[in-house]
1. Which far-off residues, 5 or more places away or on another chain, put their amide H under 5 Å from the one on Ala111, with H placed in the peptide plane?
2. Less than 14 Å Cβ to Cβ from Ile117, Lys/Arg counted +1 and Asp/Glu -1: what total charge do the surrounding residues give?
3. Under the rule of at least 5 residues apart or a separate chain, name every residue whose amide H is placed under 5 Å from the amide H of Tyr93.
Amino acid sequence: MLNHGNAPVNYTIGNGYPGIQQGFQQGFQQGALPQQNRGMTPNNAKMPPQVMSGSPMSPTGQVIQVPPQFEQSYIENILRLNLGKQATFYMTYENNSQWNAKIFTGVIEAAGRDHIIISEPQTGRRIVLLMVNLDYIVFNEPLTYQYPGVAGTPPMGR
């Protein structure tokens, strides 16, 4: 409240909430603000467990241990294992009046989650193909292929 004339001054702290108001009043009476946790954990507080990103947790906050899983097989991983090999890429382009389907032949230079980079040995051109348009790939030589759960390339005929 404001002091109008001889009226006593009443400073309300904490929007009238007793706990907040009381804490501030005690702090002022003791000459300092009340001790509060200012982002530091007291020595007696229990720290939460360190959790790997994506690890499942129970409703009580316990980390659920999951056995290690093998990496899934994705086309970009197969292509990365076969860099430098020549392949034929069959692509489809929807709603394209000039060419709906197109075939590219080239040497695999790189592969990402959404693209493949090939080079044409005859012209020296580099072409970026989008995975979204990829139908299938044909190789004229054996592939290096490591699928989940198997170390190395399995022998042919299995």
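No value in this document is a laboratory result; all are computed from the given coordinates. Not measured: the values here are computed from a predicted model. Quick reminder, even Gly has a Cβ in these numbers, built from the backbone with ideal geometry, and neighbours come from all protein chains shown.
1. Ile117
2. Values: positive: Arg80, Lys85, Arg113, Arg125, Arg126; negative: Glu76, Glu109, Asp114, Glu120.
Charge balance in the 14 Å sphere: +1.
3. When sequence neighbours closer than 5 places are left aside, the close amide H contacts are Ala101, Lys102.
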